[in-house]
Amino acid sequence: MNIEADYLIIGSGVAGLFFALKAARHGSVAIVTKRERRESNTQYAQGGIAAVIDASDSVASHVEDTLAAGDGLCDRAIAEAVVAEGPEVVRELLAIGAQFNEVSPGVLSLMREGGHSHARVVHADDMTGREVTRALVRAVEALPNVTLYDHHLAVDLIVDVEGRCRGARVLDVQDGQLIEALAPVTLLATGGCGQVFLHTTNPRVASGDGVAMAWRAGANVGNMEFTQFHPTMLYDPGGPSFLVSEALRGFGAVLVNDRAGAFIDSLKTRDKVSRAIVSQMQESGAEWVYLDATIKDADETRRRFPNIYQHCLGAGVDMTKQPIPVVPAAHYMCGGVCTDEHGQTNIAGLYAAGEVAMSGFQGANRLASNSLLEGLVFARRAAGHARIEAPVGKGAKPTAGGKGVVEAAELAERRQALREMMWNEVGIVRSDQSLQLASAEAGRMAKEIEILYDGMALDAELVQLRNLATVAELIAGSARMRLESRGGHYNSDHPERDDANWQRPTLLVGHPEAH
């Protein structure tokens, strides 16, 4: 049975849910999400929301910090607009019941993180994303004209002959049926693509679906070479990926080597810290470095970081008595589907907000805790701009692929090979040779997977593998084009920033017939 609504939202992270709250004032809303509604990158965000709340802070200061982290590629006008709206979106979250830490009743506690010149990060202990998700899901579930479809994986966008997006083809994961979700306005809020790399802080759902679908539909994408690698993921080879928040470094924890020597200012931006860690590991031959919080008061550490403390304790590390072993890992996609100041893409009726989008806010490297801020602001902007300009029209009949079934082991093997290749060749430190190899290999893998996809019955793992392969091609190709080092892109053959030739975004123009 098809889904029809005035607004279709693909993804249930902060951007999708906040958009739903706004759009529901004007029409019916359908949210499709491939797992449970609370499972998104937002749910795992530990740090917080950067916003100018304190009187000693200023919009100008936050903007300058954002531009510095973005390493010359942020759009200043976009940065100024987003930062200026930060306090208002925080107030709106408080109004729907979000509970953030306070220093006294009505006075928010503000943390400082790397790259920030002021303490301006609103937080809920070290589980801010979980609290924001809780508040938004509760608010959205209370709206009578919003329907959430859990376990519904968007497969491809539907674009009519006039070039307007009419919704998406969606796989009901539980019964295997391919249906159409039709709407005159569609928002991509699918998050990032961290799973394209072997080591990532991202949950398994972060497979680049939105970028891949948009690219196949003819949307422009940009800055895909700029993956932000978070410096501090817990080194726990036998356990799940677990991020150790930058807020811990803002609290006073220090990065040290195996000789307990500090080797970098721990509050530098993430690109610089990640490369320093890689250099330290190469020099020592160790597979990790340490984040040392033992100098801080133990009770205060446990109070401020209960989630990190308990997780590390479960992995055998008491962070109040021992330094935490950490390694860098892929964390955030700074590029994505190109949008304007309203979150609108080059395809009529299609908007994008959050990590899936390239709005011009993040530039070449994201400033800590600017991600939830961007998702909230652009969701609100998109909802205010989107108009139901045309009735829903029927798309082409869904195609369900062939009848064959791919073995789960083969899909897992192909996924692992793709992720290993991307980590080894397009990781924190790249080179001309590695990027040439990666471009060719990603292209080969993508073609093989597309042939497999065309001949087999639809399967959620196959759909996500196809999207990962598409995104891998876009990342490797974009990185190969940029002959300099900037932000999250470091090429050892071109180690310097080159403003004369490369102070511009990397734009890939979408042509649906070519994909």
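The values are calculated or read from the model by the stated rules, or taken from the named source; none is laboratory data. Nothing here was measured: the structure is a model prediction, and the numbers come from that model. Glycine also receives a Cβ, built like all others from the backbone with ideal geometry; neighbour counts cover every protein chain displayed. Accessible surface areas use protein heavy atoms only, side chains included; no ligands, DNA or RNA. Shrake-Rupley method; radii C 1.70, N 1.55, O 1.52, S 1.80 Å.
Quick one: with all protein chains in place, what share of the accessible area of segment 1-99 is carbon or sulfur, to the nearest percent (1.4 Å probe)?
Carbon and sulfur: 50 percent of the exposed surface of segment 1-99.
How big is the convex hull of the Cα atoms of segment 201-346, per residue, in Å³?
139 Å³
At q = 0.24, 0.29 Å⁻¹, what is the log10 ratio I(q)/I(0) for segment 61-106, with the Debye formula run over Cα points and no solvent?
With one equal scatterer per Cα and no solvent, log10 I(q)/I(0) is -0.83, -0.97.
Sort 347-353, 84-90 by packing, meaning the average of other beta carbons within 10 Å per residue, with the highest value first.
The most tightly packed comes first, giving 347-353, 84-90.
Take the residue pairs Lys22/Lys447; Lys268/Lys296; Lys34/Lys268; Lys272/Lys296; Lys34/Lys321 and return only those whose Cα atoms are more than 29 Å apart.
From the list (Lys22/Lys447; Lys268/Lys296; Lys34/Lys268; Lys272/Lys296; Lys34/Lys321), the Cα-Cα distance tops 29 Å for Lys22/Lys447; Lys34/Lys268; Lys34/Lys321.
Given just the C-alpha atoms of segment 134-265, how large is their convex hull per residue in cubic angstrom?
182 Å³
Along the three principal axes, how long is segment 27-164 when you take its alpha carbons, biggest first, rounded to the nearest angstrom?
So the three principal-axis extents are 49, 39, 26 Å.
Hey, of [x] 100, 78, 37; [y] 63, 54, 48; [z] 108, 49, 48, which did the structure itself give for Cα extents along the principal axes in Å when calculated?
Checking each listed value against the structure points to [y].
Which distance in Å, rounded to a whole number, links the C-alpha centroids of segment 410-469 and segment 186-201?
Going from one Cα centre to the other spans 14 Å.
Taking every DSSP beta bridge that has both residues in the chain, what percent is antiparallel when rounded to the nearest 5?
Taking every DSSP beta bridge with both residues in the chain, the antiparallel ones total about 65 percent.
What percent does the relative contact order of the chain come to when contacts are Cα pairs within less than 8 Å and at least six residues apart?
The value is 22 percent.
At 1.4 Å probe radius, can you tell me the per residue accessible area of the chain in Å²?
Using a 1.4 Å probe on heavy atoms only, each residue of the chain averages 38 Å².
Scan segment 141-185 for GluC sites (Glu not before Pro) in coil per DSSP, keeping those whose Cβ has at most 16 other Cβ atoms within 10 Å, and list them by number.
Glu162
May I ask you to give the percent of accessible area on segment 129-222 that is carbon plus sulfur, with a probe radius of 1.4 Å?
Here carbon and sulfur together make up 46 percent of the probe-accessible area.
If you place +1 on the Cβ of every Lys and Arg and -1 on the Cβ of every Asp and Glu, how big does the dipole about the Cα centre of the chain come out, in debye to the nearest 20?
Dipole magnitude for the chain comes out near 520 debye.
Sort out the exposed loop trypsin sites (Lys or Arg not before Pro) in the chain (DSSP loop, at most 10 other Cβ within 10 Å) and tell me the longest stretch that has none.
Looking at the chain, 26-258 is the longest stretch - no exposed trypsin sites (Lys or Arg not before Pro) with at most 10 other Cβ atoms within 10 Å.
Can you run phi through the Karplus equation (6.51, -1.76, 1.60; θ = phi - 60°) for segment 417-433 and list ³J(HN,Hα) in whole Hz, with x for Gly and Pro?
Once θ is set to phi - 60°, the couplings for segment 417-433 become 5, 5, 5, 5, 4, 5, 5, 6, 9, 10, x, 5, 10, 10, 8, 4, 5 Hz.
Summarise the accessible area of segment 425-500 (1.4 Å probe, protein heavy atoms) by the percent that is carbon and sulfur.
51 percent
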